[in-house]
Amino acid sequence: MLVNAKSYSTNDRMSDLIADNSLLLMAISRFGIPLRDANLTIEQIAENSGLDAPTFVCVANLISGKDYTPESINLESLLGYLKRAHSYFLDFFLPQIRTKLISAIDFSSSHDVALLILRFFDEYVEEVRRHMDYENDTLFDYIADLLAGRPVAEDYNIANFAEHHDAISVKLKLLKDVLIRYYPEGNADLLNSVLFDIISCEQDLISHCDVEDRLLVPAVERAEKGALRLPAEELTAKKTVIERETHESEAAAALGKREKEIIAYIARGMSNKEIADNLCISVHTVTTHRRNICSKLEIHSPAGLTIFAILNGLIDPTEIKL
């Protein structure tokens, strides 16, 4: 059994960590660690599953109030953990609390407290969703660009996020207090159950925000050193080019052999009938292939397909017929 004050290490068994702090069950899930591996050491689990052991140990130590080493964080691994946490809160835990809340409070009474409680909770969930959507769509994309070595906006950095990173657990405490003090009616067992979930969610959200403030922010600050920063307009233009090139590359990979042959024939200026005769297929089949090609590439003109064929090596420029 682990000594409570001792920091966890990669040599510890996962089952001992769970016994030491049951809140780590959430962390285990968010790192994608199956419970069947609980009797293995963290190092053994890392060897079997690709878990980044130092990152897991750092998060586990922080959550458990032990000494931790933020320098050991792998930012990509931490991002995966945070994204799975967001999905857990928004898609599972908060909807589950809402369902229990509806069962626990009495909507048949003459006063409006029940409706006010439910409205308060729904507004809170929407606030959490906005908070996490911003992180998913803005902050995490920014971090992904840093990790990939792509340019980032000169007017945005992790300090912007840290400055406005508000706690999102405060309103849950208010809801808990309202249920305890002002709503004694209803099924006691159901009410106690939903209160337990609210308290658990509150603690989990506090822990989640701690991980972002104490581990994510310093890790991103380290990743920002040496980053290429561009003005917003220039960055947008560059990203548009990168996204277009990426889309074209992915689309080219998705094309079948026959589709590539047809693009090459189109670039040579051949009609549908000429293509059909060369490939020994029907004109209808050629037409279907062309429609699929245009849909995949989002290119709808022979000139555009010809340029695509040249850029992707499907035809030599000398073969083109204008």
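The values are calculated or read from the model by the stated rules, or taken from the named source; none is laboratory data. Predicted model, so just to flag it, every value in this text is computed and none were measured. FYI the Cβ positions are ideal-geometry reconstructions off the backbone, even for glycines, and counts take in every protein chain you see. Surface areas here come from the heavy atoms of the whole protein model, side chains and all, with no ligands, DNA or RNA. Shrake-Rupley method; radii C 1.70, N 1.55, O 1.52, S 1.80 Å.
Applying the selection to the range 11-36, what residues are over 25 Å from the mean Cα position of the chain (by Cα), surrounded by 15 or more Cβ atoms within 10 Å (Cβ to Cβ) and not in a helix (DSSP H, G or I)?
Result: 12, 13, 21.
Considering only the range 150-166, state which residues are surrounded by 13 or more Cβ atoms within 10 Å (Cβ to Cβ) and either among the hydrophobic types (A, V, I, L, M, F, W, C) or part of a helix (DSSP H, G or I) (or both).
The first filter runs over the range 150-166 and keeps only residues surrounded by 13 or more Cβ atoms within 10 Å (Cβ to Cβ), leaving 150-154, 156-158, 160-162, 165.
Residues satisfying the conditions are 152, 153, 158, 160, 161, 162.
Filter the range 37-63 for residues that are part of a loop (DSSP other than H, G, I, E, B) and open to solvent by 30 Å² or more (accessible area, probe 1.4 Å) and give the result. So that I can check it myself, show each step before the final result.
We begin by selecting, within the range 37-63, every residue part of a loop (DSSP other than H, G, I, E, B); these are 38-40, 50-52.
Residues satisfying the conditions are 39, 40, 50, 52.
Tell me which residues, restricted to the range 42-98, are small (Gly, Ala, Ser), free of Cβ contacts under 8 Å to residues at least 60 places away in the same chain and within 28 Å of residue 127 (Cα to Cα). Walk me through how you get there before you give the answer.
Our first condition is that a residue be small (Gly, Ala, Ser); within the range 42-98, this holds for 46, 49-50, 53, 60, 64-65, 72, 77, 80, 85, 87.
From the residues that got through so far, the ones that are free of Cβ contacts under 8 Å to residues at least 60 places away in the same chain too are 46, 49-50, 53, 60, 64-65, 72, 77, 80, 87.
If the condition is that a residue be small (Gly, Ala, Ser), free of Cβ contacts under 8 Å to residues at least 60 places away in the same chain and within 28 Å of residue 127 (Cα to Cα), then 60, 64, 65, 77, 80, 87 are the ones that fit.
Determine the pairs where a residue that is over 21 Å from residue 126 (Cα atoms), located within the range 153-179, has a partner that is open to solvent by less than 90 Å² (accessible area, probe 1.4 Å) and part of a loop (DSSP other than H, G, I, E, B) with Cβ atoms under 7 Å apart, the partner being 6 or more residues away or on another chain.
Filtered contacts from the range 153-179: 154/231.
What pairs can you find where one residue is in the range 307-318 and within 14 Å of residue 262 (Cα to Cα) and touching a residue at least 12 places away in the same chain (Cβ under 8 Å), the other is open to solvent by 60 Å² or more (accessible area, probe 1.4 Å) and not in a loop (DSSP other than H, G, I, E, B), and their Cβ atoms are less than 8 Å apart, with a gap of 6+ or different chains?
Pairs found: 310/317; 314/260.
Would you mention how many residues in the range 291-322 are touching an Asp or Glu at 6+ places or on another chain (Cβ under 9 Å), open to solvent by 30 Å² or more (accessible area, probe 1.4 Å) and part of a helix (DSSP H, G or I)?
Final tally of qualifying residues: 4.
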